[in-house]
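To start, the structure itself, in structure tokens.
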Amino acid sequence: MKLATYKNGSRDGQLVVVNKTLTKACFVDGVPTMQYAIDNWAGLESDLQSLYAKLCEGEVDDSFEFEQTLCESPLPRAYQWADGSAYVNHVELVRKARGAEMPESFWTDPLMYQGGSDDFIAPCDDIELPSDEWGIDFEGEIAVVTDDVPMSVSADDALAHVKLIMLVNDVSLRGLIPGELAKGFGFFNSKPASAFSPVAVTPDELDDWKDGKLNLPLISHYNGALFGKPEAGEDMTFHFGQLIAHAAKSRNLGAGAIIGSGTVSNKQGTEYGTAVTEGGVGYSCIAEVRMIETIRDGKPSTSFMKFGDQIRMEMFDKNEQSIFGAIDQRVKQS
């Protein structure tokens, strides 16, 4: 099943069911928002699945053309947004470039930060920021939405709580990160609002969802050129069950909690990966390119995003059908 949230002038938008090919959509009587659906998932899932099946068969009379530019992020705001760093290659790269050793515990204990969730960016809206001197970067990730998760859930049991899957552009301000981390209290100003894919998808819809990993390439185009196509299921040290269990170690997670994978990153048979232009699968953020340049050349040569720059992220199934729609954004001065 595929779900989205249409803009309607309210904070939480209006839930729509979207067909498999992302061409048709319909509203849902009695289910106003995505959060309402997640809050009442056990009682609503069957009816939503039935409506989805009818929509895919062209049997919904009041359906309409689906338009991605009219979408909010599936949850325009959420009670919880916790982002992990499941691709330890990405973490190792960042630390290597600044001459820091990576603790062995990073391979067994996930990194995670609590992001701001009161305001997400719509997937086709501009990324508005006051300055492009802050080191603006995109980060292509996978995320899941859970129902209510009990404290201390096991990693295996946690996977049953995954109700929706989507893509993320976790916007980062790299120039602000060092100063914040030096305070010893984590990210805040360096992590502005994130954006999620137009469409959120139930796990049963995805043949390539296996054991808490989505085994498909995440495609990123930066200013129109292919930037990355790393496999989201490869080099993922911690699957989503482990990430959810980590987030719920000492607290309950409320329905609608969003858990992110961290930047999708592949080693590609080399020590740190290879750019698309050099025959590799590329990257999901600018920072990794700069880190490799620093390791190789002693300093970075690729700049971060400037006002006017564009990033597009998408994932396709084996029939080249877009699964989640596209995150397609430009950086704009606020």
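Against the condition part of a loop (DSSP other than H, G, I, E, B), touching a residue at least 12 places away in the same chain (Cβ under 8 Å) and open to solvent by less than 50 Å² (accessible area, probe 1.4 Å), how does G233 come out, does it pass?
Yes: the conditions hold for G233.
Within the bounds of segment 212-219, is there any residue that is outside any loop (DSSP other than H, G, I, E, B) and among the polar types (S, T, N, Q)?
Residues of segment 212-219 outside any loop (DSSP other than H, G, I, E, B): 213-214, 217, 219.
Next, from what is left, pick out any that are among the polar types (S, T, N, Q): none.
The answer is no, given that none of the residues of segment 212-219 is outside any loop (DSSP other than H, G, I, E, B) and among the polar types (S, T, N, Q).
For segment 103-131, what are the residues that are open to solvent by 30 Å² or more (accessible area, probe 1.4 Å) and in a loop (DSSP other than H, G, I, E, B)?
Initial filter on segment 103-131 (open to solvent by 30 Å² or more (accessible area, probe 1.4 Å)): 103-109, 111-114, 116, 118-119, 124-126, 128, 130.
Within segment 103-131, P103, T108, D109, L111, G116, D118, D119, C124, D125, D126, P130 qualify.
Can you tell me which residue within segment 239-269, out of those that are at pLDDT below 95 and out of contact with any Ser or Thr (no Cβ under 7 Å at 6 or more places or on another chain), is surrounded by the most Cβ atoms within 10 Å (Cβ to Cβ)?
N266
Output the number of the condition that P32 fails; it satisfies all remaining conditions of (1) surrounded by fewer than 17 Cβ atoms within 10 Å (Cβ to Cβ); (2) touching a Leu at 6+ places or on another chain (Cβ under 8 Å); (3) over 24 Å from V162 (Cα atoms).
Among (1) surrounded by fewer than 17 Cβ atoms within 10 Å (Cβ to Cβ); (2) touching a Leu at 6+ places or on another chain (Cβ under 8 Å); (3) over 24 Å from V162 (Cα atoms), P32 violates only (3).
Just the residues that are closer than 26 Å to G9 by Cβ and open to solvent by 30 Å² or more (accessible area, probe 1.4 Å), please, taken from segment 36-46.
Listed by number, the residues that qualify are Y36, D39, N40, L44.
Pull out all pairs, ordered by first then second residue, where Cβ-Cβ is under 8 Å, the residues are six or more apart or on different chains, the first lies in segment 19-39 and is within 17 Å of P76 (Cα to Cα) and among the hydroxyl-bearing types (S, T, Y), and the second is at pLDDT 95 or above and open to solvent by 10 Å² or more (accessible area, probe 1.4 Å).
Listed by first residue and then by second, the contacts come to T33/D12; T33/Q14.
What are the residue pairs meeting all of these: first residue in segment 303-327, first residue farther than 21 Å from E67 by Cβ, second residue loosely packed, with under 15 Cβ neighbours inside 10 Å and charged (D, E, K, R), Cβ atoms under 7 Å, and 6 or more apart or on different chains?
Matching pairs, first to second residue: F307/K332.
The values are calculated or read from the model by the stated rules, or taken from the named source; none is laboratory data. Predicted, not measured: the structure shown is a model, and the values here were computed from it. Every residue, glycine as well, gets a Cβ built from its backbone with ideal geometry; the counts of neighbours run over all protein chains shown. Please note that ligands, DNA and RNA were not included when accessible areas were found on the heavy atoms of the full protein model with its side chains. Shrake-Rupley method; radii C 1.70, N 1.55, O 1.52, S 1.80 Å.
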